[in-house]
Amino acid sequence: MELNTDQDSLMLSPFLVSGNVGFKLPAVADWGERSDVTSVDVASASVQPSGSDDHAYLVIETEVSFDGEEEPVEVWACSCPQWHYREQADDPREAGECKHIRAESKVSRAQADEDQVQLGGSD
Ligand SMILES: [Zn+2]
């Protein structure tokens with residue numbers, strides 16, 4: 001009985017049993033498969049707590065390069081159900097933002113502004 005419990009918990013925890021493996025969101029993997037996308041780079045990743053239960057979600061900032069475009073497009077993705085079912089899109093440019101992405105992008109933009117101020121030397 002105890003052995004079964006151990007096996008169950010291992011099956012629920014792929015990170016424990018699979019060793020060297022990265023975590024990739026299915027939608028982000030799909031973007032990389034598009035014929036008009038040349039590359040998908042992860043610019044940053046963080047974890048945001050759920051506001052309503054004990055989950056935590058992976059929030060990823062990606063830079064998607066399109067064929068023929070000079071500048072990559074900044075696109076966010078999240079592992080939460082809301083983003084998965086409502087905000088993700090086949091075209092990364094049409095993907096929306098859940099509250100975890102909004103919380104994280106706010107932090108990241110504030111940090112960018114702060115860096116800007118420090119670089120500019122103004123107050
Ligand atoms: Zn989310």
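Key figures for this structure:
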| read-out | value |
| --- | --- |
| Options Ser65, Ser46; residue that is at negative phi, within 13 Å of the ligand (Cβ to nearest atom) and either polar (S, T, N, Q) or assigned to a loop (DSSP other than H, G, I, E, B) (or both) | Ser46 |
| Test result for Arg34, over 18 Å from Ser105 (Cα atoms) and within 11 Å of the ligand (Cβ to nearest atom) | no |
| Positions within the range 81-92 being more than 10 Å from the ligand (Cβ to nearest atom), in a helix (DSSP H, G or I) and in contact (Cβ under 8 Å) with a residue 24 or more places away in the chain, in sequence order | Pro92 |
| Residue, modelled with the highest pLDDT, within the range 73-123, restricted to residues that are hydroxyl-bearing (Ser, Thr, Tyr) and surrounded by 10 or more Cβ atoms within 10 Å (Cβ to Cβ) | Ser79 |
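Each row is one residue, and each column tells you yes or no for (1) within 13 Å of the ligand (Cβ to nearest atom); (2) free of Cβ contacts under 8 Å to residues at least 60 places away in the same chain.
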| residue | (1), (2) |
| --- | --- |
| Val40 | no, yes |
| His55 | yes, yes |
| Ala95 | yes, no |
| Lys99 | yes, yes |
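Here's the yes/no breakdown for (1) under 18 Å from Gln88 (Cα atoms); (2) touching a strand residue (DSSP E or B) at 6+ places or on another chain (Cβ under 7 Å):
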| site | (1), (2) |
| --- | --- |
| Asp41 | yes, yes |
| Ser52 | no, no |
| Ala56 | no, yes |
| Glu63 | yes, yes |
| Phe66 | yes, yes |
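The values are calculated or read from the model by the stated rules, or taken from the named source; none is laboratory data. It should be emphasised that the depicted structure is a prediction, and the values quoted were computed from it without experimental measurement. When we count neighbours, we look across all protein chains shown, and the Cβ atoms used for this are built from the backbone with ideal geometry, even at glycine.
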